[in-house]
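K.L.:
This structure is in structure tokens; I'll ask about it shortly.
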Amino acid sequence: ESSGVYLLDTFQGQPQIVEVQQTAGDINRNTKGNIFRGAINPIAGLKQTIELDGAHAAVQAHVDVPAFYLKPDDQDKPDQPAQPQQPQQPQQPIVPFDRFRIVRTEVKNGKRIVGDVKRQVTGKISQEQHLVKTTITNVTGGWLKLTPIESLAPGEYAIVEMMGKEGMNLYVWDFGVNPKAPANPNPWKPDAKPDAKPETAPTAKPEN
């Protein structure tokens with residue numbers, strides 16, 4: 001795949017890759033709509049809550065230290081001419097290492113609270129979230145690997161994209177942690193190895 005977010009999970013002893021879809025966060029005034037990569041711009045002094053519909057995410061990790069592989073769409077720019085490679089220069093980081101974070105969500109009234117956003121009178125936007133300590137590393141092909149440093153308690157979480165001064169992207173990748181959850185739909189599984197052919201015993205030559 002050229003981009004996306006994927007969970008490396010283990011279900012019943014088998015490793016699986018599960019795609020995590022983006023979910024639209026809803027400002028608590030029911031303003032869900034075309035807010036893709038939109039800046040959060042609350043009124044000065046007013047706190048707003050970012051919510052996700054439903055008490056549980058569609059994707060559930062069965063391990064308490066899940067690994068996520070992600071590649072943002074803006075890393076693919078086919079319309080731009082390819083730049084000549086300069087092997088003498090060290091490779092630059094693809095994205096800031098604090099751009100993607102894992103947040104523990106709080107379930108209230110059938111919704112998951114991702115966090116609160118407040119705009120100060122000075123214009124500065126502050127965010128209150130239950131951030132999880134994570135590590136992020138570059139892997140092949142422009143992909144990133146995001147993993148929590150510590151085990152995640154069972155519950156609901158989301159991967160959020162921090163957009164600097166613009167605040168947080170309202171589209172998040174939500175998931176849960178539940179060792180007892182049923183299987184995730186449509187996972188990628190390891191290719192089954194063909195059964196090894198049994199060794200044939202050497203045939204004895206008839207005696208003359």
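K.L.:
Using each residue's phi in the stretch 145-151, evaluate 6.51 cos²θ - 1.76 cosθ + 1.60 at θ = phi - 60° and report the 3J(HN,Hα) Karplus result to the nearest Hz, with x for Gly and Pro.
P.N.:
The phi angles translate into 10, 10, 9, x, 6, 10, 4 Hz.
K.L.:
Sorted by accessible area (1.4 Å probe), largest first, how do Glu150, Glu51, Glu106 line up?
P.N.:
So the residues, ranked largest to smallest area, are Glu150, Glu106, Glu51.
K.L.:
Now for a different question. Over 26 Å between Cα atoms: which of Lys71/Lys189; Lys108/Lys180; Lys124/Lys145; Lys111/Lys145; Lys71/Lys133 fall into that group?
P.N.:
Among Lys71/Lys189; Lys108/Lys180; Lys124/Lys145; Lys111/Lys145; Lys71/Lys133, the Cα-Cα distance tops 26 Å for Lys124/Lys145; Lys111/Lys145.
K.L.:
Arrange the peptides 152-163, 2-13 so that the one whose residues have, on average, the most other Cβ atoms within 10 Å appears first.
P.N.:
Top of the packing list down: 152-163, 2-13.
The values are calculated or read from the model by the stated rules, or taken from the named source; none is laboratory data. Owing to the predicted nature of the structure, the values given are computational and were not obtained by experimental measurement. Here Cβ is always computed from backbone atoms with ideal geometry, including for glycine, and neighbour counts include all displayed protein chains. Ligands, DNA and RNA are stripped out before the accessible areas are found, and what is left, the full protein with its side chains, is counted by its heavy atoms. Shrake-Rupley method; radii C 1.70, N 1.55, O 1.52, S 1.80 Å.
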